[in-house]
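What follows is a single structure, written as structure tokens, with notes after it.
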Amino acid sequence: MGQTITEKILARHCGKESVRPGELINARLDLIMCHDVTTTPAIDMLREHGINNVFDPDKIVIMPDHFVPNKDIQSAEMVRKIRLWAREMGIEAFYELGNHGVCHALLPEQGHVLPGMTIVGADSHTCTHGALGAFSTGIGSTDLAASLATGELWFRVPESLLFILRGKTAKHVYAKDIILEIIRRVGVDGARYKAMEFRGEAIDALSVEGRMTIANMAIEAGAKSGIMAPDQKTVDYVRDRTDADFEIVKSDEDARYEAVIEMDVSGLEPMVAFPHLPDNGRAVSSLSEKIPVDQVYIGSCTNGRIEDLRVAAGILNGRRVAKGTRCIVVPATTEIWKQANREGLLDSFMEAGATVSTPTCGACLGGHMGILANGERCISTTNRNFVGRMGHPGSEVYLASPATAAASAVTGYISDPRKMEG
Amino acid sequence: MKAHVYRRDHINTDEIIPARYLNMDREADLAKHAMEDIDKDFVHKVESGDVIVAGENFGCGSSREHAVWALRGAGITAVIADSFARIFYRNCINNGFLAIECKGIGKSIENGAEIAIDLKAGRLTDLSNAKAYDFTPFPEFAQNILDAGGLLPCLKVKL
Ligand code: SF4
């Protein structure tokens, strides 16, 4: 009886030959990720229960990102508390300002993520790292405290849904459009508690970064994890960053899936998800009226990577951000910022009348650096468009790819990037 | 326990406790803003021991456990919903806070109804019309966590 990649990874981490969906297991954790918002409560819990050590400081990575550079005194105090605690615990991997970045962009970029790992992070988009063939899932602060203390966590082995993506995407159709279409089809709770496994030639054709965009949004369909089997691109990506050993795990041919969903991406068009749920996707070309935007946001753990910035800069280069529209570009990590600078992308943005910030989660979650006022509308390359997500509960967020966001910055209303040629 | 009914599906953690308050992590501070973006008067309406009733996928979105603390801090003792988002559900159990999954409940209970919950029997009763609804009792390991008052007290026993 075959097993999926998810079942195999989980089985290996609880000392079993095989596991089945629905089974409750205690799995050994290879990597634990913490950021600024969810970690302080975990530290308090550990202290309160007299737990003064972590299970293994080398398996813990801390990356303050939500409210950094510290947006106010309270967030400064939070990061300070984590910094001091990390020192006390002997945790070396603390990404301080200057090496900082959005956690899910930074963790794989810095070589922490390896195929076959079990990873937990105190952030819902921890499912991103499944793009490298790891089991990776988001947890809350109590689970984080338990993980830090013991290096283990209980899981219910998830059922797997297999998404087979065939065909070749048209020009200006990207990973973001694929995942918005998948979520439109399955709904925001269509994969609740489940593992979404992706394969097919459309996945093979994507870069590792593009795959991360897809795995990142598995949670927006309610999934526990998103995962893709590693290939040569994955191995090259990892090898460029670390010489640590890893094992490649793949699903068996006769693995069992709760459902198999096939999709041809050839006919897919640029998508935009309307407020206030990520499954409200529509083809941009189908919009019957102009939807003006006050703000364009290009960044986040979904679409703030170098490829994304190249695409956006390609559209903004030599053009101008429309009058009455603000465009904010946030490279997701320091390395991405530097690379974009070397390639002249930051100049393109600034010359076009956009503004570029230091890496931060910032306005993605309505934290700081680009909050929306009542009644304002933003097209954003982020992953969530819930009520009040980027600011006032009376504001609106539309989700799209960097190309669609950049095209909209130029026209001032939600626009099809395919119309930007020439 | 009085039911505060929100018939919607997909009530998310951004609504339960908006990110603008995540620079705080004390339950009492968070409680002042519970459900603020859905219902401005929520915190004034709730009395200690009340419950929330809602539709599908309650608590979807971010992993912020602040959502559980905000509700608990506001006096809520249980959320009863058609279904829950995964991380929120875990967070509830880990805090010893009741998340009761009961299909169809979001459309059945009237706002303000008095509710009684029998955990062992897996049954909740709407006292205003004596109608009863069955739910699947918690699995043993979850019940153990709930009984211990949360995951950490449970762990401490193990450590
Ligand atoms: S960029 Fe946005 S979605 Fe990603 S971790 Fe930060 S706040 Fe969360």
From (1) more than 14 Å from chain A (Cβ to nearest Cβ); (2) buried (at least 24 other Cβ atoms within 10 Å of the Cβ); (3) free of Cβ contacts under 8 Å to residues at least 40 places away in the same chain, pick out the condition that doesn't hold for B:Ile100. (2)
Enumerate the helices (runs of 4 or more DSSP H) found wholly within segment A:311-422, keeping only those where 1 or more residues are in contact (Cβ under 8 Å) with a residue 12 or more places away in the chain and within 16 Å of the ligand (Cβ to nearest atom). A:334-342, A:402-411
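Only one residue in A:Ala170, A:Ala145, A:Ala195 is modelled with pLDDT of 95 or more, among the hydrophobic types (A, V, I, L, M, F, W, C) and within 17 Å of A:Gly130 (Cβ to Cβ). Which one? Even if it seems obvious, please write down each step before you answer.
Working: A:Ala170 fails: within 17 Å of A:Gly130 (Cβ to Cβ); A:Ala145 fails: within 17 Å of A:Gly130 (Cβ to Cβ).
Among A:Ala170, A:Ala145, A:Ala195, only A:Ala195 is modelled with pLDDT of 95 or more, among the hydrophobic types (A, V, I, L, M, F, W, C) and within 17 Å of A:Gly130 (Cβ to Cβ).
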For residues in segment B:122-154 being surrounded by fewer than 18 Cβ atoms within 10 Å (Cβ to Cβ), assigned to a strand (DSSP E or B) and in contact (Cβ under 8 Å) with a residue 12 or more places away in the chain, which is nearest to the other protein chains (Cβ to nearest Cβ)? B:Asp134
Condition (residue is among the aromatic types (Phe, Trp, Tyr) and more than 15 Å from the ligand (Cβ to nearest atom)) applied to segment A:133-146: is it met by at least one residue? yes
Could you tell me which residue of segment B:59-79 is farthest from A:Cys127 (Cα to Cα), considering only residues that are in contact with an Asp or Glu (Cβ under 8 Å, 6 or more places away or on another chain) and more than 16 Å from the ligand (Cβ to nearest atom)? B:Gly75
Under 7 Å by Cβ, and 6 or more places apart or on different chains, what pairs join a residue from segment A:177-204 that is in contact (Cβ under 8 Å) with a residue 12 or more places away in the chain and on the phi > 0 side of the Ramachandran plot with one that is among the basic types (Lys, Arg) and surrounded by 24 or more Cβ atoms within 10 Å (Cβ to Cβ)? A:Tyr193/A:Lys224; A:Tyr193/B:Arg86
All but one of (1) within 14 Å of chain B (Cβ to nearest Cβ); (2) within 13 Å of the ligand (Cβ to nearest atom) hold for A:Val120; state the number of the condition that does not hold. (2)
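Filter segment A:1-45 for residues that are over 20 Å from A:Thr126 (Cβ atoms) and in contact (Cβ under 8 Å) with a residue 60 or more places away in the chain and give the result. Working first, answer last.
So the first thing to find is which residues in segment A:1-45 are over 20 Å from A:Thr126 (Cβ atoms), and the list is A:1-3, A:11, A:15-24, A:44.
Those that are over 20 Å from A:Thr126 (Cβ atoms) and in contact (Cβ under 8 Å) with a residue 60 or more places away in the chain: A:Met1, A:Gly2, A:Gln3, A:Val19, A:Arg20, A:Pro21, A:Gly22, A:Glu23, A:Leu24.
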In segment A:138-153, how many residues are surrounded by fewer than 23 Cβ atoms within 10 Å (Cβ to Cβ), within 9 Å of chain B (Cβ to nearest Cβ) and either charged (D, E, K, R) or under 23 Å from A:Ala255 (Cα atoms) (or both)? 0
Could you please give the count of residues in segment A:132-160 that are in contact with a Gly (Cβ under 7 Å, 6 or more places away or on another chain) and at positive phi? 1
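Is it true that B:Glu56 is surrounded by fewer than 24 Cβ atoms within 10 Å (Cβ to Cβ), without any contact (Cβ under 8 Å) to a residue 40 or more places away in the chain and charged (D, E, K, R)? Break it down into steps so the answer makes sense when it comes.
On the way: surrounded by fewer than 24 Cβ atoms within 10 Å (Cβ to Cβ): yes; without any contact (Cβ under 8 Å) to a residue 40 or more places away in the chain: no; charged (D, E, K, R): yes.
No: the conditions fail for B:Glu56.
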Checking the structure you have, find out if any residue of segment B:103-121 is of a type outside the set (D, E, K, R), surrounded by fewer than 17 Cβ atoms within 10 Å (Cβ to Cβ) and in contact with a His (Cβ under 9 Å, 6 or more places away or on another chain). yes
Name the residue that is surrounded by the fewest Cβ atoms within 10 Å (Cβ to Cβ), counting only residues in segment A:294-315 that are closer than 15 Å to A:Tyr174 by Cβ and touching a Lys or Arg at 6+ places or on another chain (Cβ under 8 Å). A:Thr302
Among residues of segment A:365-396, those that are within 14 Å of chain B (Cβ to nearest Cβ) and touching a Pro at 6+ places or on another chain (Cβ under 6 Å), counted: 4
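Taking the stated definitions as given, is A:Leu106 more than 16 Å from the ligand (Cβ to nearest atom), assigned to a helix (DSSP H, G or I), assigned by TED's automatic domain parsing to the domain that holds A:Arg241 and closer than 23 Å to A:Ala145 by Cβ?
Details: more than 16 Å from the ligand (Cβ to nearest atom): no; assigned to a helix (DSSP H, G or I): yes; assigned by TED's automatic domain parsing to the domain that holds A:Arg241: yes; closer than 23 Å to A:Ala145 by Cβ: yes.
When the stated conditions are applied, A:Leu106 does not pass them.
So, A:Pro331, is that one away from chain B (no Cβ under 14 Å), in contact with a His (Cβ under 8 Å, 6 or more places away or on another chain) and on the phi < 0 side of the Ramachandran plot or not?
Details: away from chain B (no Cβ under 14 Å): yes; in contact with a His (Cβ under 8 Å, 6 or more places away or on another chain): no; on the phi < 0 side of the Ramachandran plot: yes.
In short, no.
The values are calculated or read from the model by the stated rules, or taken from the named source; none is laboratory data. Here the structure is a predicted model, which is why all the values come from computation and not from measurement. All Cβ positions, even for glycine, are placed from backbone atoms using ideal geometry, and neighbour counts span all protein chains on display.
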